[in-house]
Each structure stands twice: as structure tokens, then as C-alpha cells.
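Asks: Input: one structure, supplied below.
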Amino acid sequence: MERALLILKPDAVQRGLIGAIISRFEQRGLKFQGLKLMQVDEALARRHYAEHEGKSFFNGLVSYITSAPVVVAVVAGKPGTVELVRAMVGATNPAKAAPGTIRGDFGVDIGRNLIHASDSPESGERETAIFFQPHELIGEWNRSLDGWIYE
Ligand code: IDP
Ligand code: MG
């Protein structure tokens, strides 16, 4: 299974969009392996976004992601799942994100872009490991409709 970490950022939670956003992944047919509400602290934010350290938006990004609770989730599917999830999320800047994507349907500002999604299968594994303990994840579980989603 290929996995992506999702973070429904503080703006998504504050705006009451948890259900609307989670629904899209369920409706697409992706399977959740983990899901929780949490408060991200500064150390975790810096670790997660380490690749952006030193960029002009880094401090604002850390403040944003630590400003209020988030929902974190791991979604899994066949190879290609990370790319599919990124397509559902849309461009980083919601003002440029296509309608039909999460950012393109719910956001307008790059600093309030609602959701994080891993950008590669390797990032998916790295980020899953920093947000979830192994016992918080259900790796393999059967869903009766799986045969109607994958041939
Ligand atoms: P991504 O979330 O689409 O993968 P990245 O380039 O990895 O985008 O940037 C991580 C996050 O940093 C973005 O989702 C956004 O919250 C924030 N960010 C990126 N660029 C800017 C910017 O120019 N201004 C403000 N925030 C930014
Ligand atoms: Mg990124």
C-alpha cells in the first residue's frame, strides 16, 4: 500500500470543514489507516516542515500550523495514491488551484490553504512516522466495498 499523510490545517478545523474534506477522500475510495485531532507543537511543526527552514514564509507557517488544533490522517491505496491525493488537494496557492480541488473549492490565500498532503511515497512514510505511533494505525483492514473500488 502507498500512504499519504494529510493534515487538515487549523483553518479547515476552525471553519467546520473537517467532514467536507474527509468525505472527499472517502468518496474517492481511499482507505483511512489513522485519523485523529491533535495540537501540533513548535518542535513537531519544525520537524515536519524542515525542508522549508530558512524560507521567508517559514516562521509564519510554523505559527499557522501550531495556532489551533488540526486533524491528521493517513490514507492508503494502491501505487499512485500519493499523486492522486495531491491532485485532489490542488495547487499550493488556492487562488491558482483548479475548481474541484480542495484548495480550489475552499480557499483563496496561500497562507490559509487548508490542507497538507505528502508529496511523494517517501514523504508519506516519513510524515506518517512523525505524526502517528504504530499502535494508532490500522495497517490492513477489509472493507466490504473494496472490490467495487479496485478491480
Ligand atoms: P504544499 O503544501 O502544496 O506541498 P509547499 O511548497 O510544500 O506546498 O509549502 C508548504 C506550506 O507552506 C504550504 O502548504 C503553505 O501552507 C506554506 N507556504 C508555501 N509557500 C508560501 C508562501 O509563499 N506564503 C505563505 N505560505 C506559504
Ligand atoms: Mg509540501
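Asks: By per-residue mean of other Cβ atoms within 10 Å, what is the highest-first order of 29-40, 136-147?
Replies: Numbers: 29-40: 16.7, 136-147: 10.2.
In descending order of packing, they fall as 29-40, 136-147.
Asks: At R0 = 41 Å, how high is the FRET efficiency between residue 146 and residue 68 if r is their beta carbon distance? Nearest 0.05 is fine.
Replies: Numbers: r = 35 Å, r/R0 = 0.85.
After rounding to 0.05, the efficiency reads 0.70.
Asks: Please state the relative contact order of the chain as a whole percent: Cα pairs under 8 Å, 6+ residues apart?
Replies: Numbers: 231 pairs, mean separation 54.1, N = 151.
Relative contact order for the chain comes out at 36 percent.
Asks: Straight-line reach only, C-alpha to C-alpha below 17 angstrom: list the lysines that residue 78 could link to, leaving out same-chain residues fewer than 8 apart.
Replies: 31
Asks: In addition: Based on the Cβ-Cβ distance from residue 52 to residue 109, what FRET efficiency comes out when R0 is 25 Å, to the nearest 0.05?
Replies: Numbers: r = 17 Å, r/R0 = 0.69.
That pair, residue 52 with residue 109, gives E of 0.90.
Asks: Please build a GNM for the chain, connecting alpha carbons under 10 Å apart, and tell me which residue among 91, 50, 117 fluctuates the most.
Replies: In the Gaussian network model the winner is 50.
Asks: OK, next. Rounded to the nearest 500, what is the 222 nm mean residue ellipticity of the chain from helices alone, with -39500 (n - 2.57) per DSSP H run of 4+ residues and division by all residues?
Replies: -10000 deg cm²/dmol
Asks: Among all the lysines, which ones have a C-alpha under 28 Å from residue 55's C-alpha, if same-chain residues fewer than 8 places away are not counted?
Replies: Counting by Cα, and skipping residues close in sequence, residue 55 has these lysines nearby: 9, 96.
Asks: Take the alpha carbon gyration tensor of the stretch 18-151, find the square roots of its eigenvalues, order them as a ≥ b ≥ c, and report rounded if a/c is under 1.5; if not, report prolate when a/b exceeds b/c, else oblate.
Replies: Judged from the Cα gyration tensor, the stretch 18-151 comes out oblate (a/c at least 1.5, b/c at or above a/b).
Asks: So how strong a dipole does the stretch 21-151 carry about its Cα centre when Lys and Arg Cβ are +1 and Asp and Glu Cβ are -1, to the nearest 20 debye?
Replies: Numbers: 14 positive and 16 negative charges, 60 e Å.
The calculated dipole for the stretch 21-151 is roughly 280 debye.
Asks: Restricting attention to the stretch 18-110, which GluC sites (Glu not before Pro) occupy a DSSP loop and are surrounded by at most 12 other Cβ atoms within 10 Å? All intermediate terms of the calculation are to be shown ahead of the outcome.
Replies: Values: sites: 26, 42, 51, 53, 83; in loops: 53.
Here the sparse-neighbourhood loop sites are 53.
Asks: Specify the residue with the greatest mean-square fluctuation among 111, 80, 19, computed from a Gaussian network of the chain linking alpha-carbon atoms under 10 Å apart.
Replies: 19
Asks: Turning to a different aspect of this structure: Run the accessible area of the chain with a 1.4 Å probe and give the carbon-and-sulfur part as a rounded percent. Let's see the in-between values first.
Replies: Details: 4260 of 8010 Å².
C and S atoms contribute 53 percent here.
The values are calculated or read from the model by the stated rules, or taken from the named source; none is laboratory data. Just so it is clear, the model here is predicted, and its values are computed rather than measured. For neighbour counting, all protein chains shown are included, and Cβ atoms are generated from backbone atoms with ideal geometry for every residue, glycine included. We work out accessible area using only protein heavy atoms, side chains counted, and drop any ligands, DNA or RNA first. Shrake-Rupley method; radii C 1.70, N 1.55, O 1.52, S 1.80 Å.
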